[in-house]
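The structure under discussion appears below in the form of structure tokens.
The values are calculated or read from the model by the stated rules, or taken from the named source; none is laboratory data. Treat the numbers as computed from the prediction; the structure is a model and nothing was measured. All Cβ positions, even for glycine, are placed from backbone atoms using ideal geometry, and neighbour counts span all protein chains on display. Ligands, DNA and RNA are excluded from the accessible area calculation, which covers all protein heavy atoms including side chains. Shrake-Rupley method; radii C 1.70, N 1.55, O 1.52, S 1.80 Å.
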Amino acid sequence: MENNIQTIDATQNLDFLAARMLNTWRPAKPITGTKWAESNRVLSKENCPLPGPYRVAVTPYIEEILNCVMDPMIEKVVCQKSAQVAWTDGVVNNCVGYYVDHEPSPMLILFPTSKMAERYSKEKLAPMIRDCIALRGKIAEPKSRDSGNTILSKNFTGGHLELIGSNAPANLSMSPIRIVIVEEPDRCAANAGGEGNSLKIAFERTKAFHNRKIILGGSPTIKGLSEIEREMKLTDQRRFLIPCPICGEYQELKWSSVVWDKKPGRNHLVYDDYLPESAMLRCISCEKEFSNAEKNEQLSRGIWHPTAEFTGAAGFYLSELLSPLPNSKLSDIAKKFLEARKELKAGNELLMITFINTALGETWEEKGEGIEQRDIIERVETYRKNAIDPGILAITSAVDVQDDRLECEIVGWGMGEESWSLDYLIIEGDPEQPGVWKKLDKVLERTFKRSGALLKIACMCVDSGAHTNAVYKYVLPRQVRRVYAIKGKSTEGDPIVGRPSRRSIMKGLKLYPVGTDTAKTAVYGRLKVEKPGPGYCHFPDHYPDEYFKQLTAEELVTRYVRGVTKRVWKKKRPRNEALDLRVYNLAALNILNPNFKVLQAKAEKVKKEKPKDSMRAPRPRRRKNFVTNY
């Protein structure tokens with residue numbers, strides 16, 4: 001009897017193993033993501049007001065996204081989206097369910113933080129596994145003994161699922177992964193533990209798979225800095241078009257098409273005299289208005305229209321204006337806008353940034369404080385030949401070190417720190433070779449004629465951010481000539497020049513920290529001075545336009561970092577060497593710390609004095625004799 005039981009158990013185990021092997025090796029039958037979801041998914045009561053079988057018709061714009069996720073011809077799917085568009089349940093959960101059930105593969109979902117990964121596991125993933133018959137039993141409960149599963153790691157036949165926070169870089173570079181899903185890329189770590197961009201690290205894990213799949217979805221942030229915006233530029237950038245219920249013209253729903261009524265005399269504390277509850281959409285063709293309900297009826301007739309070339313990546317823009325969810329009506333969105341608008345008028349941009357990013361799914365374009373190049377070009381001057389302006393009392397120079405050249409600007413300074421750009425030079429050559437530094441020595445030895453006097457470069461600052469050792473070797477023996485190494489710091493509130501540190505790498509070397517943010521604020525303030533005098537900046541008319549583009553290449557913008565206002569400098573153009581050199585020259589002036597009043601007095605004294613050969617008559621030549629020879 002016991003032998004028979006053992007035989008039956010062994011047979012069952014063999015059948016089980018054979019079934020597992022067959023399921024692993026058997027090629028999956030082709031099926032669309034939508035077909036799998038509607039055949040197998042059940043929306044859980046914890047996450048949905050209408051639990052039950054999944055129906056893509058509720059959010060029709062999800063269908064093409066979901067099918068692209070399972071399309072073998074598409075390697076990457078990117079969605080720049082607002083909130084409340086059914087992304088997690090409609091795309092992420094269906095994607096996980098499909099690959100666990102139909103095409104088992106190693107998967108990874110990257111979240112901004114580990115806590116977000118845990119919440120997803122408990123609140124989204126666990127209920128889906130429980131309620132979906134196709135998944136039940138394929139992923140064991142984390143509590144079961146020897147299951148091999150935890151809250152953040154799920155094993156199943158043919159694959160596994162890892163849930164990782166971008167703030168835990170150690171988990172990002174482990175085993176190869178075929179499917180990578182990124183939730184909210186803009187909020188993931190830009191530098192995961194000093195190892196680099198967390199998204200790129202995750203993508204690297206897919207290199208072993210010819211049929212890899214990368215899926216990203218999230219709200220954007222700042223224009224030019226947004227991860228999802230950058231990824232979208234690599235896709236075919238599809239826009240969802242719906243027909244006007246009146247004229248049938250297909251169009252993208254834009255915020256500029258939303259209109260609402262006004263009631264004169266109404267003084268609502270937030271909405272003023274506007275009536276957001278009357279919000280409608282105005283057709284771009286017939287200019288007739290249609291309601292939120294009519295818009296929802298047209299969603300099923302909507303189409304995705306690509307606006308760029310397809311190169312293997314599909315991209316989708318999703319705005320809350322498309323959402324049929326009960327709390328995303330046009331009136332609800334209009335109320336959020338009017339509230340943000342009121343705060344913006346009061347000087348608080350935070351709510352408007354949130355509205356643009358999470359309601360419209362668009363990047364926030366910062367409006368910075370800067371200066372335009374044309375404003376500088378309009379007041380260039382023709383300098384006198386063979387002499388510098390008599391107002392110049394001291395001269396400094398600054399050097400920016402690049403991989404293939406040195407860039408150098410020489411600046412003259414007068415009373416009230418009025419400045420004259422005297423020359424801008426580019427010295428070609430490898431900074432690791434001595435030749436380029438010998439050429440810089442010739443610049444350092446230049447003299448400038450002013451009112452009968454010759455002025456030399458009184459202080460030179462060399463940026464040590466690149467080719468550091470080469471810079472140190474150059475400046476160390478020349479510190480007696482006031483040639484100093486500097487290092488820029490972008491900490492808010494730092495002085496233009498701090499106290500020098502003594503670098504142990506080279507005994508006796510002084511390294512001056514330069515508060516670049518503070519210095520740029522001072523430089524831009526002076527560039528805005530329109531009349532010659534204190535702070536005014538003079539430029540020669542032979543400088544190319546590129547110089548002025550670089551000089552005005554940045555602007556000061558306001559950002560909100562975790563709810564805290566922060567002012568930072570942002571590039572408008574890629575090259576900004578001219579601005580950096582003007583900052584370093586200002587640092588050189590601060591290190592030199594000249595007494596302009598004393599220098600001015602000396603300059604005036606030289607003007608008044610007559611040349612030496614006219615002050616006294618030459619003595620007659622005396623004949624040599626015994627006395628004079630003695």
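Descriptive notes on the structure:
- Region 404-416 - phi-based ³J(HN,Hα) in whole Hz, Karplus 6.51/-1.76/1.60, Gly and Pro as x: 10, 5, 10, 10, 9, 10, 10, 10, x, 10, x, 4, x
- Listed by chain and number, the aspartates and glutamates placed with their C-alpha closer than 16 angstrom to that of K473 are D400, D430, E432, D441, D463; residues fewer than eight positions away on the same chain are left out.
- Measuring r between the beta carbons of T157 and K507 and using R0 = 60 Å, the FRET efficiency lands at 0.40.
- Cα-projected label distance for C286 with F209, points at 7 Å along beta-carbon direction, nm: 4.8 nm
- Using a cutoff of 8 angstrom between alpha carbon atoms and counting only pairs six or more residues apart, the relative contact order for region 380-495 works out to 24 percent.
- Inverting the pair-averaged 1/r between distinct Cα atoms of region 263-350 gives 15.8 Å as its Kirkwood hydrodynamic radius.
- Using a probe radius of 1.4 angstrom, the carbon and sulfur fraction of the accessible surface of region 397-503 is 48%.
- Partner aspartates and glutamates for K385 [C-alpha distance under 15 Å; skip if fewer than 8 residues away on the same chain]: D423, D541
- Taking chymotrypsin sites (Phe, Trp or Tyr not before Pro) across region 253-345, the ones in a DSSP loop with at most 16 further Cβ atoms lying within 10 angstrom of their Cβ are F310.
- Note on E249/K572: beta-carbon distance plugged into 1/(1 + (r/R0)^6) with R0 of 51 Å gives a FRET efficiency of 0.85.
- Estimated at the nearest 10 Å², the accessible area of F448 is 20 Å² with a 1.4 Å probe.
- Förster-model FRET efficiency, 30 Å R0, K473 and E530, C-beta, rounded to 0.05: 0.10
- Its Cα gyration tensor gives the chain an equivalent ellipsoid. The semi-axes, each the square root of 5 times an eigenvalue, are 68, 34, 19 Å from largest down.
- In sequence order, region 211-217 has phi-based couplings of 10, 5, 9, 10, 10, 10, x Hz under the Karplus curve 6.51 cos²θ - 1.76 cosθ + 1.60, θ = phi - 60°, and Gly or Pro positions carry x.
- From phi via Karplus (6.51, -1.76, 1.60), per-residue ³J(HN,Hα) for region 519-535 in Hz, x at Gly/Pro: 5, 5, 4, 5, 4, 5, x, 6, 5, 7, 5, 9, 10, x, x, x, x
- Computed over protein heavy atoms with a 1.4 Å probe, the accessible surface of region 297-372 works out to 48 Å² per residue.
- Percentage of interatomic Cα-Cα distances in region 359-468 larger than 25 Å: 41 percent
- One way to sum up the overall shape of region 404-508 is the equivalent ellipsoid from its Cα gyration tensor, whose semi-axes run 24, 20, 14 Å, largest first.
- Distances between placed amide hydrogens fall under 5 Å for F316 paired with V78, C79, Q80, R238, all partners being 5 or more residues away or on another chain.
- Simple label model, 7 Å out from Cα along Cβ direction - V606 to S490, nm: 4.1 nm
- Taking all protein chains into account, the per residue accessible area for region 518-601 stands at 47 Å² (1.4 Å probe).
- Measure of compaction for region 377-416 (Cα Rg per 2.2 N^0.38 Å): 1.51
- In straight-distance terms, cross-link reach from K262 covers every one of the aspartates and glutamates whose alpha-carbon lies under 18 Å from its own, apart from those fewer than eight places away in the same chain; here that gives D272, D273, E277, E289, D332, E339.
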